[in-house]
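The values are calculated or read from the model by the stated rules, or taken from the named source; none is laboratory data. Owing to the predicted nature of the structure, the values given are computational and were not obtained by experimental measurement. Cβ placement follows ideal geometry from the backbone for every residue including glycine, while neighbour counts extend to all protein chains displayed.
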Amino acid sequence: MNSIALNSLARLMCFPPGKFVRVNSFLCPPSTRKLSLPIFPGNEHAIRSLCSSPSLDIPTLTELVSNQHYSELKARLRASRSNPAAVLRQMLDSGSDPELTLRYFKWSRDELKLSHTLELTFGLSHSLASAKKYSKMRSFLDEFVRVSDGNTVSSIFHSISNCGGGFCNGSIIVDMLVWAYAKNGKTQLGFEAFKRAGDYGYKLSIISCNPLMSNLAKDGAVGDLEFVYKEMIRRRIKINVVSFNTVISGLCQARKLNKACDVVDDMKACGVSPNVVTYNALIDGHCKSGGLSRMYKADAILKEMVDSKICPNEITYNILIDGYCKDENVAAANKVFEEMQRQGLKPTLVTYNSLINGLCNSGEISKAVSLQDQMSSSGLKPNIITYNVLIHGFGKNDMFKEAREMLDVIEKEGLVPNVITFNILVDACCNSGKIEEAFLIHASMASKGVLPDVSTYNSLITGLCREGKLDKAEKLFEEMKDNSLKPNVVTYNILIGSLCKKRESRKARRLLDRMVKIGLSPNHVTFDTLMDGYCLEGNLRAALKVRELMQKEGLRANIATFNVLIKGFCKQGKMEDANSLLNEMLQRGVVPNRTTYDIIREEMVEKGFVPDIDGHMYNVSG
DNA sequence: GTAGGGTTAG
C-alpha cells in the first residue's frame with residue numbers, strides 16, 4: 001500500500017474538517033490535500049481495517065461508474081456515509097481515469113443535485129488536460145460556462161491556478177474557457193478572462209481569441225477589439241488570416257476605414273496575404289462609408305484585388321450590387337450583375353434581393369417583380385427578405401392591395417412573416433394616412449405569433465402625430481411600457497418633433513430632459529429637431545443654447561445642424577448671422593449641400609434677389 | 001486542443 005492508496009483511504013472516510021483520525025498514533029487531518037501516511041511495520045493493520053469498513057473504495061467506485069450502476073452507487077454512498085463531494089476529490093487525487101471522474105461529476109451534480117466547487121471543477125479540468133482528453137474538456141467547460149452564473153472571472157482564475165496541475169494545462173483550460181465564453185455569447189466575461197490571462201501569464205491561442213474578436217466586432221465594441229488585437233501581438237500569440245480579417249471587418253463596420261487599412265499593412269508586414277474575405281470587408285466598408293466618392297473607391301479596391309490575382313466571388317459582387325443600389329444607381333448595379341454572370345458566377349438569393357430592393361426603391365416595381373420571376377425560374381426560392389422588399393416597394397408606390405396580398409403568398413410558400421414584414425405594412429399605412437388600417441394590422445400581429453416591437457409603435461406614433469393626434473400618440477407611448485417595450489431615442493425624437501411643430505418647444509425640451517433621466521442618449525436628430533422647434537418660434541437664443549448642450553454631449557454640429565440654424569436665422573431676416581454660420585461650417589470642413597443653398601436662395605428670392613445661372617445673387621429691386 | 005473572417009429587408 002503506497003502513499004496514494006493511503007491518501008485515498010483517508011479521503012474515503014470523509015471526515016468532517018477539523019476532526020482527526022487516529023491511525024496507529026499518527027494524527028492525520030483528513031482534509032489535507034497532500035496527506036500521506038508513512039508506511040512502517042504496524043501500520044498495515046490500521047490500513048486493512050480502513051479497507052474493510054463499509055466505505056467505498058476507489059476500484060469499486062470506478063467500476064460502478066464505469067458500468068453506470070448508479071442506483072448501487074447511490075446505495076453504497078449512503079451506506080458508507082461518504083460525502084459525495086469528498087469522493088470526487090478522492091477520485092481526482094487517486095489518479096482515477098478522468099473520464100470516469102467526469103462521469104461521476106456529472107452524475108452527482110444532476111442526480112444528487114450537488115453543486116461542485118470551482119476547485120473541483122478545475123481540478124477535474126486539469127485532470128482531463130493531463131490525460132489529453134481535449135474534446136471532453138471542451139464540452140465540459142462549455143457546459144460550465146452555460147450554467148455557472150454567479151462565479152466571477154477572478155475566482156475562476158484563482159481556482160485554475162491553485163488547484164494543482166501544470167501551468168501548460170492551465171493555459172489550455174483558460175483558452176477553452178475564453179472560447180466557451182465567446183461561443184455562448186458571454187463576450188464581456190470572455191474579454192475579462194482574456195485580460196486576466198495576460199496577468200497570470202497564461203498563453204492563449206487563436207482558437208479562443210478569434211471567436212472573442214468576432215463577438216466584439218459584432219457588438220460594435222471596436223475599442224475592445226483593437227485592444228485584443230494589439231495584446232495578441234504583444235503576447236506573441238500567433239495570428240492568422242482570420243484574425244486579421246476579423247479586425248479589419250470590425251473596423252470597417254465601425255466606419256474606421258483608415259485604421260482598417262493600417263491593419264492590412266500590418267498583415268502584409270507579417271507575411272500574411274490579404275484574401276478574398278479581406279477585400280470583401282474593405283469593399284463593403286467603402287460602400288457603406290457614406291462618402292461622396294464611396295463607390296469610386298470601392299471600385300478602386302476591386303481593381304487592386306484583381307491586380308493582386310485575388311478572384312472576386314459571389315459575395316464581392318453582391319456587396320457591389322447592393323452598394324450601387326443604395327447609391328441609387330441601379331444601372332451600375334445591373335452592369336455588375338451582368339459582369340458577375342460573364343465571370344461564370346451564378347447570382348445568389350442575396351444578389352436578387354439586393355437588386356429587387358434597388359429596383360423597388362427607384363420606383364421600378366414592374367422590373368422588380370419580373371426579376372423575382374426570373375429568380376424563381378432559375379431555381380432560387382424567394383425568402384422572407386425578398387417578400388419584405390417587395391411589400392415595401394408596393395407600399396411606397398401606393399399598391400396596398402398588392403402589399404396585403406403578399407402576406408397570403410408568403411404563407412402559401414410555407415414561409416412565416418416576421419416582425420419586419422408587419423412593420424413595413426404598418427409603416428406604409430401610416431405614411432399614407434391609413435391610420436385605422438395600420439392599427440388593424442398592429443392588432444392582428446399577436447394572432448400571427450408576432451409581437452409588435454418598438455419600431456411598430458414608432459410607426460404608429462408617427463402616423464398619429466402627423467394627423468395632429470398628439471394626445472393619442474402620447475397614450476400609445478404610455479401603452480408601450482405596459483407591453484414591456486422601452487421607448488427608444490427614435491420614439492422620443494418623434495414626440496419631440498411633433499411638439500415642436502405645435503410650437504410647444506418648451507414641452508419638447510422637458511421630454512429631452514426626461515429621456516436623459518431614464519438613461520437614453522439623445523442623438524443628432526434629437527438636438528436638431530429641438531433647435532428647429534425653437535427657430536420656428538423665433539427663439540434663436542434658445543436654439544443656440546441647445547447647440548451648446550449638444551456639444552457638451554460630445555456631438556459636433558453637422559450639415560443638418562447648420563442647415564437648421566441657417567434656416568432659422570434666414571427666416572428672422574438675420575442674413576449676416578446666417579452668413580457667418582455658413583462661414584463657420586466651411587471652416588469646420590462641413591460641406592454645404594443642396595438644402596443649404598436652397599434655404600439661402602429662397603430667402604434671397606423673397607428679398608427680391610434673383611439668382612443667375614451660376615447661383616450668384618443679384619439685387620434687382622434696388 | 002481545431003476554432004474563426006466577408007453580402008440582403010423596416
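A quick yes/no check of all residues on (1) under 14 Å from the mean Cα position of the chain (by Cα); (2) not aliphatic (A, V, I, L, M):
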| residue | (1), (2) |
| --- | --- |
| A:Gly165 | no, yes |
| A:Lys183 | yes, yes |
| A:Thr187 | yes, yes |
| A:Lys195 | no, yes |
| A:Ile206 | no, no |
| A:Ala217 | yes, no |
| A:Leu225 | yes, no |
| A:Gln253 | yes, yes |
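Looking at A:Asp398 and the list (1) touching a residue at least 24 places away in the same chain (Cβ under 8 Å); (2) within 15 Å of DNA strand B (Cβ to nearest atom), which single condition is not satisfied?
Of the numbered conditions (1) touching a residue at least 24 places away in the same chain (Cβ under 8 Å); (2) within 15 Å of DNA strand B (Cβ to nearest atom), the odd one out for A:Asp398 is (2).
Looking only at the stretch A:269-285, count how many residues are touching a Phe, Trp or Tyr at 6+ places or on another chain (Cβ under 9 Å) and buried (at least 22 other Cβ atoms within 10 Å of the Cβ). Please lay out each step first, then the result.
At the first step, the residues of the stretch A:269-285 found to be touching a Phe, Trp or Tyr at 6+ places or on another chain (Cβ under 9 Å) are A:270, A:272, A:274, A:278.
Then keep just the ones that are buried (at least 22 other Cβ atoms within 10 Å of the Cβ); that gives A:278.
Here the count works out to 1.
Would you mind stating whether A:Gly290 is among the small types (Gly, Ala, Ser), buried (at least 18 other Cβ atoms within 10 Å of the Cβ) and either out of contact with any strand residue (DSSP E or B) (no Cβ under 6 Å at 6 or more places or on another chain) or modelled with pLDDT of 95 or more (or both)? First the steps, then the outcome.
Details: among the small types (Gly, Ala, Ser): yes; buried (at least 18 other Cβ atoms within 10 Å of the Cβ): no; either out of contact with any strand residue (DSSP E or B) (no Cβ under 6 Å at 6 or more places or on another chain) or modelled with pLDDT of 95 or more (or both): yes.
No.
Given the options A:Gly164, A:Gly150, A:Gly170, name the one that is surrounded by fewer than 19 Cβ atoms within 10 Å (Cβ to Cβ) and touching a helix residue (DSSP H, G or I) at 6+ places or on another chain (Cβ under 7 Å). Let's see the steps before the verdict.
Numbers: A:Gly150 fails: touching a helix residue (DSSP H, G or I) at 6+ places or on another chain (Cβ under 7 Å); A:Gly170 fails: surrounded by fewer than 19 Cβ atoms within 10 Å (Cβ to Cβ).
After ruling out the rest, the residue left standing is A:Gly164.
I need the full set of residues from the stretch A:379-391 which are near DNA strand B (Cβ under 10 Å from one of its atoms) and not in a helix (DSSP H, G or I), in order please.
A:Pro382, A:Asn383
When you look at A:Ile310, is it in contact with a helix residue (DSSP H, G or I) (Cβ under 6 Å, 6 or more places away or on another chain), outside any helix (DSSP H, G or I) and not small (Gly, Ala, Ser), yes or no?
Details: in contact with a helix residue (DSSP H, G or I) (Cβ under 6 Å, 6 or more places away or on another chain): yes; outside any helix (DSSP H, G or I): yes; not small (Gly, Ala, Ser): yes.
It is true that A:Ile310 is in contact with a helix residue (DSSP H, G or I) (Cβ under 6 Å, 6 or more places away or on another chain), outside any helix (DSSP H, G or I) and not small (Gly, Ala, Ser).
Hey, among the residues in the stretch A:164-188 that are of a type in the set (A, V, I, L, M, F, W, C) and at pLDDT below 95, which one's nearest to DNA strand B (Cβ to nearest atom)? Steps first, please.
In the first step, residues of the stretch A:164-188 are kept if they are of a type in the set (A, V, I, L, M, F, W, C); the result is A:167-168, A:172-174, A:176-180, A:182.
Checking which are at pLDDT below 95 leaves us with A:167-168.
Values: A:Phe167: 13, A:Cys168: 10 Å.
Checking each candidate, the answer is A:Cys168.
When A:Leu320 is evaluated against the numbered criteria (1) surrounded by fewer than 22 Cβ atoms within 10 Å (Cβ to Cβ); (2) modelled with pLDDT of 95 or more, which criterion, by number, is the only one it fails?
Here A:Leu320 meets the rest and fails (1).
Return the total of residues in the stretch A:562-609 being among the small types (Gly, Ala, Ser) and either touching a strand residue (DSSP E or B) at 6+ places or on another chain (Cβ under 6 Å) or surrounded by 15 or more Cβ atoms within 10 Å (Cβ to Cβ) (or both). Don't jump to the end; show me each part of the working.
Kept after step one, since they are among the small types (Gly, Ala, Ser), are these residues of the stretch A:562-609: A:568, A:573, A:578, A:580, A:589, A:608.
Applying the additional criterion that residues be either touching a strand residue (DSSP E or B) at 6+ places or on another chain (Cβ under 6 Å) or surrounded by 15 or more Cβ atoms within 10 Å (Cβ to Cβ) (or both) yields A:568, A:578.
Final tally of qualifying residues: 2.
Which residues, taken from the stretch A:61-83, are outside any helix (DSSP H, G or I) and free of Cβ contacts under 8 Å to residues at least 40 places away in the same chain? Let's see the steps before the verdict.
First, pick out the residues of the stretch A:61-83 that are outside any helix (DSSP H, G or I): A:67-69, A:80-83.
Within the stretch A:61-83, A:Asn67, A:Gln68, A:His69 meet the criteria.
Determine which single condition A:Leu120 fails, assuming it passes every other condition in (1) of a type in the set (A, V, I, L, M, F, W, C); (2) over 45 Å from the mean Cα position of the chain (by Cα); (3) modelled with pLDDT of 90 or more.
Of the numbered conditions (1) of a type in the set (A, V, I, L, M, F, W, C); (2) over 45 Å from the mean Cα position of the chain (by Cα); (3) modelled with pLDDT of 90 or more, the odd one out for A:Leu120 is (2).
Among the helices (runs of 4 or more DSSP H) confined wholly to the stretch A:392-498, which include 2 or more residues that are among the hydroxyl-bearing types (Ser, Thr, Tyr) and buried (at least 17 other Cβ atoms within 10 Å of the Cβ)? Working first, answer last.
On the way: elements: A:400-412, A:419-431, A:435-444, A:454-466, A:470-482.
Passing ranges, in order: A:454-466.
Conditions (1) out of contact with any Phe, Trp or Tyr (no Cβ under 9 Å at 6 or more places or on another chain); (2) at pLDDT 95 or above; (3) not acidic (Asp, Glu), marked per residue:
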| residue | (1), (2), (3) |
| --- | --- |
| A:Ala197 | no, yes, yes |
| A:Ile206 | yes, yes, yes |
| A:Leu212 | no, yes, yes |
| A:Glu226 | yes, yes, no |
| A:Glu231 | no, yes, no |
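I'm trying to understand the selection: among the residues of the stretch A:197-207, which are assigned to a helix (DSSP H, G or I) and near DNA strand B (Cβ under 8 Å from one of its atoms)? It would help to see each step written out before you state the result.
Taking the stretch A:197-207 first, the residues assigned to a helix (DSSP H, G or I) are A:197-200, A:206-207.
The answer is A:Ile206, A:Ile207.
Limited to the stretch A:126-176, what total is found for residues that are of a type in the set (A, V, I, L, M, F, W, C) and under 16 Å from A:His116 (Cβ atoms)? Before you say what the answer is, go through the steps one by one.
Here is the first cut: in the stretch A:126-176, the residues of a type in the set (A, V, I, L, M, F, W, C) are A:128-129, A:131, A:137, A:140-141, A:144-145, A:147, A:153, A:156-157, A:160, A:163, A:167-168, A:172-174, A:176.
Checking the rest, the ones that are also under 16 Å from A:His116 (Cβ atoms) come to A:128, A:137, A:140-141, A:144-145, A:147, A:156, A:160, A:163, A:173.
Selection size over the stretch A:126-176: 11.
Among the numbered conditions (1) surrounded by fewer than 20 Cβ atoms within 10 Å (Cβ to Cβ); (2) over 22 Å from A:Pro211 (Cβ atoms), tell me where A:Ser94 comes up short.
Going through (1) surrounded by fewer than 20 Cβ atoms within 10 Å (Cβ to Cβ); (2) over 22 Å from A:Pro211 (Cβ atoms) one by one, A:Ser94 breaks only (1).
When the residues of the stretch A:337-368 are narrowed to those that are within 13 Å of A:Ile319 (Cα to Cα) and part of a loop (DSSP other than H, G, I, E, B), which ends up farthest from the chain's Cα centre (by Cα)?
Among them, the one singled out is A:Pro347.
Does A:Leu141 satisfy being closer than 27 Å to A:Val242 by Cβ, in contact with a Leu (Cβ under 6 Å, 6 or more places away or on another chain) and within 11 Å of DNA strand B (Cβ to nearest atom)? Please lay out each step first, then the result.
Working: closer than 27 Å to A:Val242 by Cβ: yes; in contact with a Leu (Cβ under 6 Å, 6 or more places away or on another chain): yes; within 11 Å of DNA strand B (Cβ to nearest atom): yes.
Considered against the rule, which asks whether it is closer than 27 Å to A:Val242 by Cβ, in contact with a Leu (Cβ under 6 Å, 6 or more places away or on another chain) and within 11 Å of DNA strand B (Cβ to nearest atom), A:Leu141 comes out as yes.
If I ask for residues that are part of a helix (DSSP H, G or I) and either away from DNA strand B (no atom under 11 Å from the Cβ) or aromatic (Phe, Trp, Tyr) (or both), which ones from the stretch A:208-231 would you list?
Of the residues in the stretch A:208-231, the ones part of a helix (DSSP H, G or I) are A:208-218, A:222-231.
Answer for the stretch A:208-231, where residues must be part of a helix (DSSP H, G or I) and either away from DNA strand B (no atom under 11 Å from the Cβ) or aromatic (Phe, Trp, Tyr) (or both): A:Val222, A:Gly223, A:Asp224, A:Leu225, A:Glu226, A:Phe227, A:Val228, A:Tyr229, A:Lys230, A:Glu231.
Taking into account only those residues within the stretch A:232-246 that are in a helix (DSSP H, G or I) and near DNA strand B (Cβ under 9 Å from one of its atoms), which is nearest to A:Ala217 (Cα to Cα)? Please lay out each step first, then the result.
Taking the stretch A:232-246 first, the residues in a helix (DSSP H, G or I) are A:232-234, A:241-246.
So of that shortlist, the ones also near DNA strand B (Cβ under 9 Å from one of its atoms) come out as A:241-246.
Values: A:Val241: 16, A:Val242: 13, A:Ser243: 11, A:Phe244: 12, A:Asn245: 11, A:Thr246: 7 Å.
Among residues in the stretch A:232-246 that are in a helix (DSSP H, G or I) and near DNA strand B (Cβ under 9 Å from one of its atoms), the one nearest to A:Ala217 (Cα to Cα) is A:Thr246.
Go through the stretch A:130-146 and give me each residue that's in a helix (DSSP H, G or I), farther than 11 Å from A:Ile172 by Cβ and either touching a strand residue (DSSP E or B) at 6+ places or on another chain (Cβ under 9 Å) or of a type in the set (Gly, Ala, Ser) (or both). It would help to see each step written out before you state the result.
Looking only at the stretch A:130-146, we keep the residues that are in a helix (DSSP H, G or I), and these are A:130, A:134-146.
Narrowing the set further to residues that are farther than 11 Å from A:Ile172 by Cβ leaves A:135-136, A:139-140, A:142-146.
Answer for the stretch A:130-146, where residues must be in a helix (DSSP H, G or I), farther than 11 Å from A:Ile172 by Cβ and either touching a strand residue (DSSP E or B) at 6+ places or on another chain (Cβ under 9 Å) or of a type in the set (Gly, Ala, Ser) (or both): A:Ser135, A:Ser139.
Take A:Cys465 and tell me if it is among the hydrophobic types (A, V, I, L, M, F, W, C), without any contact (Cβ under 8 Å) to a residue 60 or more places away in the chain and more than 13 Å from DNA strand B (Cβ to nearest atom).
Spelling it out, A:Cys465 is indeed among the hydrophobic types (A, V, I, L, M, F, W, C), without any contact (Cβ under 8 Å) to a residue 60 or more places away in the chain and more than 13 Å from DNA strand B (Cβ to nearest atom).
Name, by its number, the condition in (1) farther than 22 Å from A:Val147 by Cα; (2) outside any helix (DSSP H, G or I) that does not hold for A:Gly185.
It is condition (1) that A:Gly185 fails.
Please pick out the residue among A:Thr101, A:Thr60 that is of a type in the set (Val, Ile, Thr) and surrounded by fewer than 18 Cβ atoms within 10 Å (Cβ to Cβ).
On the way: A:Thr101 fails: surrounded by fewer than 18 Cβ atoms within 10 Å (Cβ to Cβ).
None of the other options fit; the residue is A:Thr60.
Against the definition (of a type in the set (S, T, N, Q), more than 28 Å from A:Ile385 (Cα to Cα) and either without any contact (Cβ under 8 Å) to a residue 60 or more places away in the chain or in a helix (DSSP H, G or I) (or both)), how does A:Ser273 come out, yes or no?
Working: of a type in the set (S, T, N, Q): yes; more than 28 Å from A:Ile385 (Cα to Cα): yes; either without any contact (Cβ under 8 Å) to a residue 60 or more places away in the chain or in a helix (DSSP H, G or I) (or both): yes.
Here the answer is yes, as A:Ser273 does meet what is asked.
Which of (1) farther than 21 Å from A:Gln68 by Cα; (2) at pLDDT 95 or above; (3) hydroxyl-bearing (Ser, Thr, Tyr) is the odd one out, the single condition A:Thr101 does not satisfy?
Single failed check for A:Thr101: (1).
From (1) closer than 24 Å to A:Thr278 by Cβ; (2) within 11 Å of DNA strand B (Cβ to nearest atom); (3) touching a helix residue (DSSP H, G or I) at 6+ places or on another chain (Cβ under 6 Å), pick out the condition that doesn't hold for A:Tyr352.
The one condition A:Tyr352 does not meet is (1).
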